[in-house]
Structure formats: structure tokens, C-alpha cells
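We did not get these values from a lab; they are worked out from the coordinates using the rules stated. This is a predicted model, so every value here is computed, not measured. Heads up, the Cβs are rebuilt from the backbone with ideal geometry, glycines too, and the neighbour counts pull from every protein chain shown.
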Amino acid sequence: MVNDVLKIGGESIAPGETKKIELEMPPLYTATNMSIPVYVKRGKRPGPVMFVSAAIHGDELNGIEIVGRLIRSKAIERLRGTLIAVPMVNVYGVLNQSRYLPDRRDLNRSFPGSKKGSLAGRLANLFFKEVVSKCDVGIDLHTGAIHRSNLPQIRADLDDPEVLEMAKAFGVPVLLNAELRDGSLRESASESGVKILLYEAGQALRYDEFSIRAGVRGIINTMRHLGMLNKSRSKGHSIERFIARQSGWVRAPESGFVTHLAQLGDHVEKGDKLAIIADPFGNYLDSLESPAEGVVIGKQNIPLTQEGEAVYHIAYFSEPDTVAEHVELLQDNLLPPEQGPVL
């Protein structure tokens, strides 16, 4: 995009300027106005316009911390182009510690929204019109749902060559070629020509340091790939990227109490026991087994399950053992012993 004056929420941001904008949201009741916080940093030199968004689901908090660390990072000081960072899109949900909006709708199934629609539709329309539509590329930050954890991974349309290169640049081992879902931000952005990555990592209502560090590093890596930041030498072990074209959930064959045997990032073979299910007396009922060789990229955390409930998410690769090794290497790179949070 041309590096001319950018307008968001009625405010103008010229090249070289940095502003914090309050984007007024649809009110809930009389005198309960709230706003979406939007951070805009524009370089003096031209370059792509990128948005980074978090908490479209209000209980997915990791992304809020990722955006905060990104904004404070010295790495973005000499920026080319424009960074629009939105730490909370679904502010209503964050306040209520809820995935959903007060009208019980999923914001990430409401895009591109409507100016005269439901609360979810209006909020989706506002965010899409004022932020997403003004960008060339975007990274949307998510976690697993309540009581579920996700291994750091990128989900994207990997059949698009530009998106594939962005996904590789991000720098996590697991890349999942994911179909577009109706009403999702990713679908609407893609239809508008905005190249977008979805970063999944961690669990709802919790900070996960590994996921946060991988997210911050990944965004900066992507910005360097796009020419928004200067290149730098990578530190630590070299991380390979692996594309999964398929993934699937392993569901509980019985209701009961679960002892988890497999963990995130584990390489599992066909027939491996992932978990054991017992009754309240501790008597064995059944076990969950891997249907094929793969890598665990998502799992339920609580030791309770109902019959048919999804417990493990497994991605299928041509070399799953190598993927698991590179997940461990990424952890070694990002979580050195006795080191505090990355700023």
C-alpha cells in the first residue's frame, strides 16, 4: 500500500507517527460505551501494512501478552511500512472471561459483519472496515478453547505461495493447511486479498511462556521476511518447517476419568496408548489409541471426559519423528534456563 495518510476511527496517522487509538464499539446499554484499543506505528519509509490481532475470542489471553511485548520490542523501532496492533478485539468477552460476545455469538463466525446487524455483526464490521481492509497482510492470534491446549502452530491457506512463504518465515515447526471457515476473519480477509496467518498456541485464560515467546519471535520473523524490518542472524538451533495436510481428533470411547499419557509435541505411532479412562473407583474402562502415526498438536487438559468428546488432536506428517525433534529444539531456543520474559 502507498505510504500516505492512514485513517482509523476518524484519526489520521502520517508516515513516521505512532498513535494509540480508541475505536468506539457498539454500546451494550445506555452509558456503557467501550472501545477497542488500537496501536498504530508507521515507518518513515514505505512498506507493507500489517495488522496483528488478539482476543477475537475473549478468553484467549496469550495474544494480548504477545501484542504487548511486540509493541515494547526494540526490534520494531526502525520499521518500514505500518504495524496496526490490536491486543483485544472482543473486549466484551475479555471483561467476562468468555469466548463469546454478550449476545452469545462467536465473533470469529460473524465476519465481515454488517453495520445494521447483531452485536457480533456490528463489531465484526467495525474491526474489518477500520483495520483489516486497510492492510496487506495480517496475523491473528489464538489459543486452544477452554480446558484445551494447542502446540504452537500456524494455520493458513498453504496453497497460496505468498502465504506459504509467510508461514515458513514465522518459524514454528508445525504448519497446518487449514480450510477457510464460514464467517471467520481469515475467510473474509482472504476474500479481500489480505494475506493472513492464524497462530494457535497455548490454552484459554492462561499465559504460556513458550507460546508467547514463539508468537513474538514469529511475528518479528514474518515482518523481516516482508521487508518491514532489517534481517538478522538467527540464534539457537535451526528449526525446520513441516506441512501437515491432514489432522484429526481422537475421541473418548467411554465416559470417565482420564489419565493422560501423551503430551503436546509427542511423536506417536499407530496403536500407541494416548490416555487411559477409568471409573470413579479407579477401575479400567478403556483407552484412547492413536489411529495413525503423527504428532500431538492439541489436547484436552482436564481429567474428565464424556463418551465421544475430542481429547487429542493429531497432525499427520511424512516425517513425524523429525517434527517432534524440532518442537523440542524450538523450546530449547526460546526457554533457556532461568531467563525471564522476553521484552
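When both bridge partners sit in region 6-226, DSSP labels roughly 50% of those beta bridges antiparallel.
Helix 161-170 and the long axis of the chain differ in direction by around 70°, with both axes built from C-alpha atoms. Could you give the length gained on full extension between SER318 and ASP286, defined as 0.36 nm per residue of separation minus the Cα-Cα distance, in nm? Separation in residues times 0.36 nm, less the Cα-Cα distance, equals 8.6 nm. List the lysines whose Cα lies under 22 Å from the Cα of LYS129, skipping any in the same chain that are fewer than 8 positions away. Within the straight-line cut-off, LYS129 pairs with LYS7, LYS19, LYS20, LYS41, LYS115, LYS116, LYS195.
Working from the Cα coordinates of the chain, the gyration tensor eigenvalues give, after taking √(5λ), semi-axes of 35, 25, 17 Å in decreasing order.
For the chain, the longest principal axis of the C-alpha atoms and the axis of helix 209-225 are separated by about 50°.
May I ask you to work out the translational diffusion coefficient for region 193-240 at 37 °C, viscosity 0.692 mPa s, via Stokes-Einstein with Rh from the Kirkwood sum over Cα pairs, reported in whole µm²/s?
Details: Rh = 12.7 Å.
Translational D for this selection: 259 µm²/s.
Extension gain for ASP136 to LYS19 (0.36 nm times residue separation, less C-alpha to C-alpha distance): 40.2 nm. Relative to the dominant Cα principal axis of the chain, helix 62-72 is inclined by about 40°. Only Cα pairs under 8 Å and 6+ residues apart enter the sum, and on that basis the relative contact order of region 156-265 stands at 35 percent. Coupling constants for region 144-156 follow from the phi torsions by the Karplus curve (6.51 cos²θ - 1.76 cosθ + 1.60, θ = phi - 60°), and in residue order they are x, 6, 4, 6, 10, 10, 10, 5, x, 7, 10, 10, 6 Hz; glycine and proline get x. Less than 5 angstrom separates the built amide H of LEU61 from those of LEU205, ARG206, all sequence-distant by 5 or more or on a different chain.
Each residue of region 328-334 was assigned a 3J(HN,Hα) from its phi angle through the Karplus expression (A = 6.51, B = -1.76, C = 1.60, θ = phi - 60°), giving 5, 4, 4, 4, 4, 5, 9 Hz with x at Gly and Pro. Taken about its Cα centre, region 247-334 carries a charge dipole of roughly 240 debye when the Cβ of each Lys and Arg holds +1 and the Cβ of each Asp and Glu holds -1. Across region 132-139, coupling constants 3J(HN,Hα) worked out from phi with the 6.51/-1.76/1.60 Karplus curve, θ = phi - 60°, read 4, 5, 9, 10, 8, 9, x, 10 Hz, and Gly and Pro carry x.
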